[in-house]
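The values are calculated or read from the model by the stated rules, or taken from the named source; none is laboratory data. These numbers were taken from a predicted model, which means no experiment stands behind them. Here the Cβ positions follow ideal geometry from the backbone for every residue, glycine too, while neighbour counts run over all protein chains shown.
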Amino acid sequence: MQNRGQSDGRQTDSAISLIRCISMLMIVTCHFFQYYGNELAYWFNGGVYIFFAISGFLYGSKAIDDPIKFLSRKFKSVLIPYYTFLVPAIALYFFFARSSFSVGSVVKALVCSGTIDGLGHLWFVAYILFCYFITPYLYWFVKKCEGYSFLRFTCISIALLIAIQVIGYMFDSFFRADRITCYIIGYLFSVYSKRYGKKVTVGICVLFAVSGVAVNIVRIYIKYLSGMQLSGVFAKMFIFAEPYAHLLLFSAMFMVLYLIASKVKYNVLLKLSDRYSYEVYLVHQLFILSPFSLMAITPFKYLNWVLVVVAIALLAIILKFVTEKTIKPKKVK
């Protein structure tokens, strides 16, 4: 969604662009499934994890010499489109969907600490801002470890990831550690691929892929096939572990796609995805799950789908246009 910057060459750009496009389609599809109450929604939502991994990966290969400038630029790129969409959406709710409007939810949405009914996907904004906030610290951490052996750097990286889980457990009412962890994994994967070469990168990819598949086989068996009724401490353990199964699976998906898509040619579809993915993310749920959903606007399901896609595309283009005019106002001669 965000992070349209380039990484280390055209091949990598194309791979990242392809992964971004796939992730965007997964997210939109996820909310289509959610509208119909289909369980597949909770598998396709892994696209957001992939977005976090993409974001971390891109900044893992970049120097941050001026943290204030970096944060100012990134916060603007996230918040200007966000508020450009959110403020008119609030007005729309106030005038035409008052039953879904509450002052509390609006205030929380404005300060990025909550969402409005029907626009729950906007939780992503607060998380990506937090990820950007910690990025200069990640860069400092990696610089401090420059010259370390593979084993030493790996031990320190694992310690960092464990510390994030402990902090997340302590402040679980504020943020979920698995989402932040996915960003950090993407960041570290970029660092490993640059420092230690292709063999190590492939090894990490295989490790995540095997772990992700194995853990999710167990997850699927327990949740869908075994007929087990979890309760008490076992239910709590499963609820705690399930997001990490998601994390492993979709981190692995990102890594595998990155390795196998390196020779994909950059094309018009990928260019459009790079340009509009964040705007599509911001606006899409308005037409699917909000009070202004178009999913049942006619008696014809497939026609409704087409109308939803067209509405998302048009509003994303408008949002992009307005945002660019805001960020880069026309110079007066």
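Of note:
- Filtered residues of region 177-213 (kept if loosely packed, with under 15 Cβ neighbours inside 10 Å and either at negative phi or at pLDDT 95 or above (or both)): 194, 198, 199, 200, 202, 203, 206, 207, 210, 213
- Residues of region 218-261 that turn out to be assigned to a helix (DSSP H, G or I) and of a type in the set (Gly, Ala, Ser), as a count: 6
- Of the residues making up region 195-244, those that are free of Cβ contacts under 8 Å to residues at least 12 places away in the same chain and of a type in the set (S, T, N, Q) are 226, 229, 231.
- Residues in region 100-110 that are small (Gly, Ala, Ser) and free of Cβ contacts under 8 Å to residues at least 24 places away in the same chain: 102, 104, 105, 109.
- Contact annotation: no residue pair with Cβ atoms under 8 Å, 6 or more positions apart or on different chains, pairs a residue in region 43-60 that is within 11 Å of residue 253 (Cβ to Cβ) and assigned to a loop (DSSP other than H, G, I, E, B) with a partner that is at pLDDT 95 or above and β-branched (Val, Ile, Thr).
- For residue 271, the stated conditions do not hold, so it cannot be described as surrounded by 14 or more Cβ atoms within 10 Å (Cβ to Cβ) and either assigned to a helix (DSSP H, G or I) or of a type in the set (Asp, Glu) (or both).
- Selection count, region 105-124, where residues are part of a helix (DSSP H, G or I) and surrounded by 20 or more Cβ atoms within 10 Å (Cβ to Cβ): 3
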